[in-house]
Amino acid sequence: MLEQMNLEIKKMKKPKEIFDINKIWKNVCEITSNSKYILASITLFDFPNSSKLKKSLGQKRSLRIILFHNQVCRYFIHEFNGYVVKELGDGLLAVFDDPVKACMCSVEVRKRLNVQKLATKIAITSGHVQKIRINGNVDFLGPAVDKCARIEQHLEPNQILIDDNSYNRNKIFLGNTSGIKISLHSTLDLKDFGPTRVFLVH
């Protein structure tokens, strides 16, 4: 996105145009047609301790492991009807219709990676998000996306944490879903969100 903005700035000749954020936004971003805020579950998959891995194994070997991690995530995201929003280097951001699918996917990802003696970290939040396009690529905006990133910062390897909204939205289904057990983990003090209860998916 920054590269595209720089290209647009170079095309502008007048100082007034250069600092017109509305013009820049219009050129690089568009709200998808008939886009409305939708209720969705945002899921962030992250490979833990990637910097440490790169130092110990080197860039090439560590990259192969991280790519495998991301491919496993992609496979199960697709299996549970999720959508990969974007890759984040050592992880993925995905969106699901509901937290049940997000949790089921996350459990399977963790299980499959553990077979290879690899770990992952997964944060799940639910809320209203808006679908947009940036340079032709689909992205999602909303507090749920930001909260997911905040929760991810508190994760330990192999942890799956969901927020209060995700738990309350489908707690009956989550409690009855085979292979999924959920318990209250803690209350995290998240930047911009304050005290937030999170639940551990076993």
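The values are calculated or read from the model by the stated rules, or taken from the named source; none is laboratory data. All of these numbers come straight from a predicted model, not from anything done at the bench. Virtual Cβ from ideal backbone geometry, glycine too; neighbours counted across all protein chains shown.
Points to keep in mind about this one:
- Residues in region 94-104 that are out of contact with any helix residue (DSSP H, G or I) (no Cβ under 8 Å at 6 or more places or on another chain) and of a type in the set (A, V, I, L, M) were compared, and the one that is farthest from ALA119 (Cα to Cα) is VAL95.
- Check on SER41, of a type in the set (S, T, N, Q), in a strand (DSSP E or B) and assigned by TED's automatic domain parsing to the domain that holds GLU156: yes
- Among (1) assigned to a helix (DSSP H, G or I); (2) surrounded by fewer than 22 Cβ atoms within 10 Å (Cβ to Cβ), the one test that CYS103 misses: (2)
- Residue check for ASN114: exposed (fewer than 15 other Cβ atoms within 10 Å of the Cβ) and of a type in the set (S, T, N, Q): yes
- Taken as a whole, the condition of being in contact with a Leu (Cβ under 6 Å, 6 or more places away or on another chain) and charged (D, E, K, R) does not apply to LYS101.
- Within region 185-197, residues that are free of Cβ contacts under 8 Å to residues at least 60 places away in the same chain and closer than 18 Å to ARG169 by Cβ have Cβ atoms under 9 Å from residues that are in a strand (DSSP E or B) and of a type in the set (Ser, Thr, Tyr) in these pairs: THR196/THR187; ARG197/SER186; ARG197/THR187, counting only partners at least 6 apart in sequence or on another chain.
- The criterion of at least 2 residues that are under 17 Å from the mean Cα position of the chain (by Cα) and either buried (at least 18 other Cβ atoms within 10 Å of the Cβ) or of a type in the set (D, E, K, R) (or both) is met, among strands (runs of 3 or more DSSP E) falling completely within region 131-196, by 137-141, 160-163.
- Just one of the listed residues (THR125, THR120) is within 30 Å of LEU67 (Cα to Cα), of a type in the set (Ser, Thr, Tyr), out of contact with any Phe, Trp or Tyr (no Cβ under 7 Å at 6 or more places or on another chain) and buried (at least 21 other Cβ atoms within 10 Å of the Cβ), and it is THR125.
- The conditions of being assigned to a loop (DSSP other than H, G, I, E, B) and in contact (Cβ under 8 Å) with a residue 60 or more places away in the chain are met by ALA119.
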